[in-house]
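Visitor: There's a structure below that I have some questions on.
The values are calculated or read from the model by the stated rules, or taken from the named source; none is laboratory data. As the structure is a prediction and not an experimental result, all values here were calculated from the model. Glycine gets a Cβ as well: all are built from the backbone with ideal geometry, and neighbour counts include every protein chain shown.
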Amino acid sequence: MSKQGTVIITGASRGIGAAIAIALADQGYNVACLSRRGELPVVPHASDVALARCTAFTCDVTRGESLQSVFEQVAAMGEPIVGLVNNAGIHLEGLSATFSLNDYETVFSTNTTSVFVSCQHIYPHLVSAGGGLIVNIGSFFDKLGVKRNLAYCASKAAVGAITRCLAVEWAGKGIRVIDVAPGYITTDLNREAMTAGPLREYLGKRIPGREPGTSDDVAKLVKALFVADIPFLSGETIYVDGAQGIAH
Ligand SMILES: NC(=O)c1ccc[n+]([C@@H]2O[C@H](COP(=O)([O-])OP(=O)(O)OC[C@H]3O[C@@H](n4cnc5c(N)ncnc54)[C@H](OP(=O)(O)O)[C@@H]3O)[C@@H](O)[C@H]2O)c1
């Protein structure tokens with residue numbers, strides 16, 4: 001039996017989701033790590049103890065039956081399920097005039113519809129546990145107008161709306177829902193573009209502190225939300241973007 005119960009994290013094999021998984025495992029949570037490849041979190045500083053608290057599950061969040069099956073498998077492990085982090089997301093971009101409906105729907109099914117469906121699946125478990133915390137990973141693009149990013153921006157704005165609606169509707173069950181919205185975060189996948197070239201130059205001018213964030217910046221915030229357990233904090237979008245989203 002873990003000290004804290006189980007938290008389910010989507011997209012926990014790499015990047016921000018992997019860092020969140022290890023941060024919560026370090027706090028004593030058991031962590032169900034969902035990804036299409038079903039791999040354990042890849043985080044350089046992960047301890048053996050933390051990794052031993054992580055269990056990898058193969059799951060495509062765009063497929064309802066895949067999500068349902070994994071939630072059933074996690075429940076069958078017998079630990080109370082106390083939280084969910086909806087982190088899996090993709091970024092597709094292109095000119096709005098010609099962006100395909102197929103790509104638009106792929107972005108929404110991964111970034112937005114999966115959040116709604118996962119929340120529906122966890123609801124009975126959190127009600128049984130007497131409440132719990134859902135953290136949705138949004139983006140500071142939710143409040144910006146970004147060329148070539150209509151689908152991504154709209155999908156993340158909808159995550160904020162889902163967060164607010166569920167926070168209000170489920171507050172009476174002790175369930176809190178928070179949207180954590182990162183700015184530019186360096187991960188293994190984008191490290192090259194974030195460290196040199198035109199994007200790096202642009203960010204050096206646009207981010208007030210001149211440096212993009214790290215997966216650990218986001219993981220520390222999500223960990224703090226779980227550990228601090230603040231009953232009156234729900235429904236908000238919390239930006240972790242180095243103040244880029246409010247800079248003139
Ligand atoms: N990086 C940034 O600068 C940034 C900024 C703002 C917001 N965000 C948001 O933060 C979240 C994580 O981003 P990231 O940069 O860490 O992404 P990433 O490095 O590309 O990792 C994405 C994770 O999600 C999984 N995944 C992708 N599609 C999935 C699906 N259909 N079903 C299940 N798992 C899936 C991937 O594993 P598999 O490929 O094995 O499925 C992987 O574990 C996303 O929601 C993203 O929009 C990122």
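Visitor: Name the pairs: first residue in the stretch 47-75 and at pLDDT 95 or above, second residue assigned to a strand (DSSP E or B) and not hydrophobic (A, V, I, L, M, F, W, C), Cβ to Cβ under 6 Å, at least 6 apart or on different chains?
Guide: From the stretch 47-75, the pairs are 53/30; 61/10.
Visitor: Can you confirm whether the stretch 13-26 contains a residue that is within 19 Å of residue 134 (Cβ to Cβ) and assigned to a loop (DSSP other than H, G, I, E, B)?
Guide: no
Visitor: Would you point out the residue of the stretch 104-161, among those that are surrounded by fewer than 21 Cβ atoms within 10 Å (Cβ to Cβ), within 12 Å of the ligand (Cβ to nearest atom) and among the hydroxyl-bearing types (Ser, Thr, Tyr), that is farthest from the chain's Cα centre (by Cα)?
Guide: Applying the filter and picking the extreme gives 106.
Visitor: One residue is enough: does the stretch 186-193 have a residue meeting the conditions buried (at least 16 other Cβ atoms within 10 Å of the Cβ) and part of a loop (DSSP other than H, G, I, E, B)?
Guide: Yes, the conditions are met somewhere in the stretch 186-193.
Visitor: How many of the residues making up the stretch 46-76 are within 22 Å of residue 90 (Cα to Cα), assigned to a loop (DSSP other than H, G, I, E, B) and hydrophobic (A, V, I, L, M, F, W, C)?
Guide: 2
Visitor: Continuing with this model, one more query. Going by what's in this entry, would residue 27 be described as surrounded by fewer than 24 Cβ atoms within 10 Å (Cβ to Cβ), at pLDDT below 95 and touching a Phe, Trp or Tyr at 6+ places or on another chain (Cβ under 8 Å)?
Guide: Judged against the criteria, residue 27 is not a match.
Visitor: Looking at 238, 246, 207, which is the one that is farther than 28 Å from residue 41 by Cα and either of a type outside the set (Val, Ile, Thr) or within 13 Å of the ligand (Cβ to nearest atom) (or both)?
Guide: Working: 238 fails: farther than 28 Å from residue 41 by Cα; 246 fails: either of a type outside the set (Val, Ile, Thr) or within 13 Å of the ligand (Cβ to nearest atom) (or both).
Checking each option against the conditions leaves just 207.
Visitor: Of the residues that make up the stretch 225-236, is at least one closer than 21 Å to residue 90 by Cβ, touching a residue at least 40 places away in the same chain (Cβ under 8 Å), of a type outside the set (A, V, I, L, M) and surrounded by fewer than 20 Cβ atoms within 10 Å (Cβ to Cβ)?
Guide: For the stretch 225-236, residues closer than 21 Å to residue 90 by Cβ, touching a residue at least 40 places away in the same chain (Cβ under 8 Å), of a type outside the set (A, V, I, L, M) and surrounded by fewer than 20 Cβ atoms within 10 Å (Cβ to Cβ): absent.
Visitor: Condition first: part of a helix (DSSP H, G or I) and without any contact (Cβ under 8 Å) to a residue 24 or more places away in the chain. Now tell me which residues in the stretch 115-153 satisfy that.
Guide: 120, 124, 141, 153
Visitor: Let me ask something else about it. So in the stretch 194-218, with the set limited to residues that are acidic (Asp, Glu) and touching a residue at least 12 places away in the same chain (Cβ under 8 Å), which one is surrounded by the fewest Cβ atoms within 10 Å (Cβ to Cβ)?
Guide: 211
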